[in-house]
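What follows is one structure encoded as structure tokens, with my remarks underneath.
Quick note: the coordinates plus some simple rules give every number you see, no bench work behind them. Everything numeric here is computed off the predicted structure, so don't read it as measured data. Cβ sites come from the backbone with ideal geometry, for glycine too, and all protein chains shown count toward neighbours.
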Amino acid sequence: MYVNTHRLQRGLSLVEVFVALLILSVGLIALAKLQVDLVRGSGDARARTIALSLAEEKVEDLRTFVKTDSAIAWTATAAASPTFEPAWSHIDTSKGGRLAPQTARQVAGVNFQIDWAVSNLDFTASVPPPLITSRTKNVTVTVSWVNEAGDPPNCTPPYVKQCVTLLANIVEIPPGNVAQASEPLDERPDGPQILYTPGVAPEIISVPIGTGNGKRETTKPLPDVQAQGDYAHEVTFDVVNYHDSGIVDRREEFVTVNCRCTLGTTGRGRTPARALLQGTVLRDKPGVARTDKPTTGTVRTSGSNAVSSQPELCALCCRDHHDGPTVDSETNRYNPIDTTDHLHYLWNGSTYTLAATGDAYDEACRMKRVNGVFQVFEDWNLTSITVIPQSDLEEGDATQTAYKDYVADVVRKYVDSGQPTPVVPTFTPVTLTPGASAQLQGRAIYIDYMTADQKAAAAALITVDDNASVLEAVPWYEINLTKLAKWKLQDSGTTTDYSTAPVTAETCVEATQADLAGKIACIASEAVQTEALQQDNYTRGLVKGGAATGGLDAQAYLRNGNTGLIDTQALTQASNDAAPIFDELPFTNDVGSAVEGQVAKTNNSNPGGNPWGSVGCSYTVDGGASTDCTPLLTGSGSNAPRNFTFNVTTGATVVVTVTYSGGVVCPANQTVTAPASGVNFVLKTSGSCP
């Protein structure tokens, strides 16, 4: 039988159809997944692009500050105000600019979270020196988001997803200043006008300089005590030349520190930075970096004789404050008038020990910001100190004007020996009464070393018509050192110290008249404490009248050099033994005339019991402030009267007031002229006075 096999094989079997459908399905599924991945990848790429754009937006927002410092704290609410002025000082973690951190910034249907972290960018390599701020901040902006699938972000390496970070650094230069610097020279303005708020007399005194309306003044010295005793003191202040409405012409930033160091060997360091007159312009000449300094040093924060907490600038102070490498006194010695290189010693509380390599030693440095960074500057050179009644330095007082003239005369005399000898003004006599006090000021004048040629160049600026321009060509500094100078009392016209025992300079402010019985006066010279601009944490130079009549001399004294300005122990035996630079102001204490009286009950039973805990006494002199005389009420027993006696200036008008919370005082007060006696008062339980 014949079978046509060719006809039977025509077409597709069912199995082949299923296989084909399977292959097609797999392909379609793969194609669909590819499409999904493409869409998702496109969404991620778009989100990443938006996130990067948001990060760049925040960096630019932080960079668009208009000033360096601001007294207004940064808050999200304040930043949203159209009148808000962003400052470089505002830039901190999650702070700064106009845009606040955001947890749900929605862009193209995606919620983004935006935040940033800020750290100061400090030099850390050995050159440039460590621990010195570059006035630059590192900013890391982080932007994260939740994707369409709801997956949370992860910004922690190594598995970072849905997160971008942008690192930038921001320099303390307002963008407007940078824009001006890019202009052609002939189109640039004279420079940015930096404003300064002048200080207020009597604390800050501005001395006229130049032929226009220029002035020069020193801000309040601010001490920072980082360790107990004579270690790790830091004093900061600025010296500002300005004109018109506080527009700054020159601003000098100083920090004076004392440190505990370890003596090293030959190494890297700098010669001292110093002031140099070039033509008629005073400029700062940076120290020269050397690799052959004969000695160097490091901060000693551990081991024997270490001080753990020290100012950051001690890293520079210990490294650089070594004379050399040559013997050229003008450029290689921190004290140019020395004839030999200075050595290093450790003070152990009673003696000085010469330091060898690896040993601890004490150091003190004058630091100044030069070309934007701090350098160790030539040592302070104290010319004079003047003790002045603070009341004589109030604005508009004739004595204040005379003192300014005196300062200018001292500077002129320094560069030109032919100038008249400066004469200290005559100050208002200080007369105290028992318990009364007067604040004195100790104001110092420092002048940096100048060569003979430099002095001659400055002196040439002094003419018949202009004797003020020279004050812009000499590196001088008038500083209120009342709270850094040491104070004591001496017998009038002698060199004998006056004893106020048991009252001390530390306890004078709180001393009572009972404490000062038999004493003419005491003077406050409390330990230096950390103090901010608006704080008054300790007292020096305050004289308080005692119970005895007499005259004394109030003396303020300073050691020359860096340690005198920060009130710490001298660095060498020779410096410790040298006579300090001082000035004295005589004053008197006049116990005046007595005002005597008593407070008594009407009778033994009126008022009954013991009323004296409810009785108060006060008095005023010539309409002045009220003085409490309750502690002066003396007597014993519940029925005995209480007597009082106090002294005031003879002829003064005195109003004595007695109060009794349990009833009535007759009379309530009495007005008398000193001296006076029989100033008597009577207590009653109730009723009125006859």
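Miscellaneous remarks
- With Cα atoms defining each centre, segment 332-372 and segment 71-109 are spaced 47 Å apart in the structure.
- Close amide H partners of residue 345, meaning residues 5 or more places away or on another chain with modelled amide H under 5 Å apart, are 355, 362.
- Residue 651 sits among other residues whose Cβ lies under 14 Å from its own Cβ, and their net charge, with Lys and Arg +1 and Asp and Glu -1, is -2.
- Spin-label pair residue 496/residue 100, simplified geometry with 7 Å Cα→Cβ offset, distance in nm: 7.2
- Span per principal axis, largest first, for the Cα atoms of the chain (Å): 165, 82, 58
- For residue 297, the amide hydrogen comes within under 5 Å of the amide hydrogens of 264, 319, counting only partners 5 or more places away or on other chains and with H modelled in the peptide plane.
- Contour excess over end-to-end distance, with Cα ends at residue 305 and residue 16 and 0.36 nm allotted per residue: 94.6 nm
- Under 5 Å between amide hydrogens, built in the peptide plane, is the criterion, and for residue 519 it picks out 547, 548 among residues at least 5 positions away or on other chains.
- Computed from the C-beta positions of residue 46 and residue 243 and an R0 of 41 Å, the FRET efficiency is 0.15 to the nearest 0.05.
- When both bridge partners sit in the chain, DSSP labels roughly 95% of those beta bridges antiparallel.
- Electrostatic dipole magnitude of segment 506-571 [Cβ: Lys, Arg +1; Asp, Glu -1; Cα centre; debye, to 20]: 200
- Rough spin-label spacing in nm, given labels placed 7 Å along Cα→Cβ, for residue 610 and residue 148: 9.1
- Two-site label geometry, residue 579 and residue 117: point separation in nm, points 7 Å out along Cα→Cβ: 6.1
- Candidates per trypsin sites (Lys or Arg not before Pro) in segment 48-122, loop by DSSP, up to 12 other Cβ within 10 Å: none
- C-alpha long axis of helix 14-63 to longest principal axis of the chain, angle in °: 20
- Across segment 86-102, the residues whose backbone nitrogen lies under 16 Å from the label position 7 Å along the beta-carbon direction of residue 533 are 87-90.
- For the chain, the residue among 588, 214, 401 whose Cα projects farthest onto the positive side of the dipole built from Cβ charges is 214.
- Gain on full stretching of the segment that runs from residue 64 to residue 213 - 0.36 nm per residue minus C-alpha separation: 50.3 nm
- About the Cα centre, charge dipole magnitude for segment 196-242 (Lys/Arg +1, Asp/Glu -1 at Cβ), debye: 300
- Gained length - residue 25 relative to residue 638, 0.36 nm times residue gap less alpha-carbon distance: 209.2 nm
- Estimated translational diffusion coefficient (Stokes-Einstein, Kirkwood radius over Cα pairs, 37 °C, 0.692 mPa s) of segment 593-684: 249 µm² per second.
- Dipole-positive endmost among 107, 86, 568 within the chain (Cβ charges, Cα centre): 107
- Rounded to the nearest 20 debye, dipole of segment 386-589 from Cβ charges on Lys, Arg, Asp, Glu: 400
- Residue (of 551, 599, 432) at the positive-pole extreme of the chain, dipole from beta-carbon charges: 599
- Residues residue 596 and residue 630, FRET efficiency given R0 of 22 Å [Cβ-Cβ distance, rounded to 0.05]: 0.85
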